[in-house]
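The values are calculated or read from the model by the stated rules, or taken from the named source; none is laboratory data. Values in this document were obtained by computation on a predicted structure and should not be read as measured data. So basically every Cβ, Gly included, is an ideal-geometry build from the backbone, and we count neighbours across all protein chains shown.
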Amino acid sequence: MSSSRRSRSTSSPKVFGRRLITLGMQRFAQRIRELERESIYNEYSRRVGEIILGEIYQVRRSDVLVLHDKIEMRLPREEQIPGERYRKGQTLRALIKEVRPSGGPGGLPDIILSRADERFLKQLFELEIPEVYDGIVEIVAIAREPGERAKVVVRSHDERVDPVGACVGMKGIRIHAIVRELHNENIDVIEYSSDPATLIARALAPARVLSVEVHPETRSAIVVVPNDQVALAVGRNGHNVRLASKLTGYAITLVKEAAEDIELIEFRQELGRELYERLIHAGIDTAREFLAAEPEMLLTIPGMTKELLLELRQIMLEEFDEEEDPAIRERILAFEPPPQQPESTAAEELPAQATAESPAEAEPTAESAGQLPAEPAQPAAEQPATQEASAPARRRSPLELTDVEEVLAEEQSRGLYAPGVESEEGEDDEEPYRLSDERLYPDEDSEQQ
């Protein structure tokens, strides 16, 4: 009787011991955490690739902790945009890149955020550009160097919609919102083309491309760009050409439009002073100009021989890592210089030609042309005296004249009484000076009165 009572009392809840109660509470809390972990994992696993808006609550050296709906998430350093600075309480947009079942705080799932992933840029395009969200404009490919540059290939499924214009927006308002979100990262929007050469040329923008040679079997391409566009094609630290290669899937090799040149003075020791001056006089200033010149023309320059020409070409070609053209070599060896005329015969012809000219063939003189011979130039010493003689005599004042004969002589010296002398044209006729016309001074009048 007592044993049955004892068994009933031990099985009753009222008689559970402290140990059983503690164990039950632990099992119950553990089960709650498992359900919570499964719920968080299932919820955020479905949201991988989406953008969330969270608040930074702790900034550490290796990562940044973000709260979203009271769920702790982690933004590792390698998933941050270089150059960005974060502070506590800041609102942050990020992409859910990965959800790990464990590793989080308190055994919760470890949710990894990213701002450097290419899908983050794609989601920003969908948020800011309605045509991308509606599917009218499709993002074909994205290549990105976080914080530096990104390239996006787009195409339109509606002929009336320009894909590049829809992404850029009026005055760039749409693309500028994305650039600000990405810490001023440069974004190139490229229109898709099924032709690989055209797509590669567009992917190297803003550089201008001359030609593209595509090799589909090796997935490589050789691109020729002008000399002034090489820096743009390569980009800072090679970002532009690297992104273009990643975007198109082709290994791109850039080639300059013209090879580098070397001044001819660098080969002065091999040429010699006289031959170098003759080449400069012929208009050849660089090694490329020397290699491009006709071999026959070079061999006509005094001092240039076939052996020397072949040797000089070989030296210059080695500088450019090039090989000699066999056809040019054969032309040099087959060239036969024209027979040169002896110098003595040429010197004798010059005086003969000079004596062959007769005086009758000389230029016509002034007399044969019907012109009067020019008067001989007057010596320079006599010119001042003549000018002084021809200069008119100074008019003397009546006070300087003493009697009538001097007055008369003075008037005759000025030609007033010379027979046949008329006044020059254009001058005012002057009346002859008379002594009777002179008025006496006031003191003389007073004496006469």
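Can you tell me which residue is farthest from GLU181 (Cα to Cα) among those in segment 54-87 that are without any contact (Cβ under 8 Å) to a residue 24 or more places away in the chain and charged (D, E, K, R)?
Checked segment 54-87; the qualifying residue farthest from GLU181 (Cα to Cα) is LYS70.
Look through segment 1-32, keep the residues that are polar (S, T, N, Q) and modelled with pLDDT of 80 or more, and return whichever of them is farthest from the chain's Cα centre (by Cα).
THR22
Take segment 253-283 and flag every residue that is hydrophobic (A, V, I, L, M, F, W, C) and farther than 30 Å from VAL223 by Cα.
Within segment 253-283, ILE265, PHE267, LEU271, LEU275, LEU279, ILE280, ALA282 qualify.
For segment 262-311, how many residues are closer than 20 Å to GLU330 by Cα, in a helix (DSSP H, G or I) and in contact with a Pro (Cβ under 8 Å, 6 or more places away or on another chain)?
Total meeting the criteria: 2.
So, in segment 55-87, of the ones that are of a type in the set (Ser, Thr, Tyr) and under 18 Å from PRO105 (Cα atoms), which residue ends up surrounded by the most Cβ atoms within 10 Å (Cβ to Cβ)?
Out of the qualifying residues, it is TYR57.
Name the residue, out of LEU108, LEU35, that is more than 27 Å from GLU181 (Cα to Cα), over 49 Å from the mean Cα position of the chain (by Cα) and surrounded by 15 or more Cβ atoms within 10 Å (Cβ to Cβ).
That would be LEU108, the only listed residue that is more than 27 Å from GLU181 (Cα to Cα), over 49 Å from the mean Cα position of the chain (by Cα) and surrounded by 15 or more Cβ atoms within 10 Å (Cβ to Cβ).
Checking PRO130 against (1) touching a residue at least 24 places away in the same chain (Cβ under 8 Å); (2) surrounded by fewer than 17 Cβ atoms within 10 Å (Cβ to Cβ), only one condition comes out false. Which one?
Exception for PRO130: condition (1).
Taking only segment 159-195 into account, find how many residues are of a type in the set (Asp, Glu) and assigned to a strand (DSSP E or B).
2
Residue under question is ILE200, and the condition is that it be closer than 24 Å to THR248 by Cβ, in a strand (DSSP E or B) and in contact (Cβ under 8 Å) with a residue 12 or more places away in the chain; does it hold?
no
Hey, can you tell me all the residues within segment 210-240 that are at pLDDT 90 or above, crowded, with 20+ Cβ neighbours inside 10 Å and not in a strand (DSSP E or B)?
ALA233, ASN240
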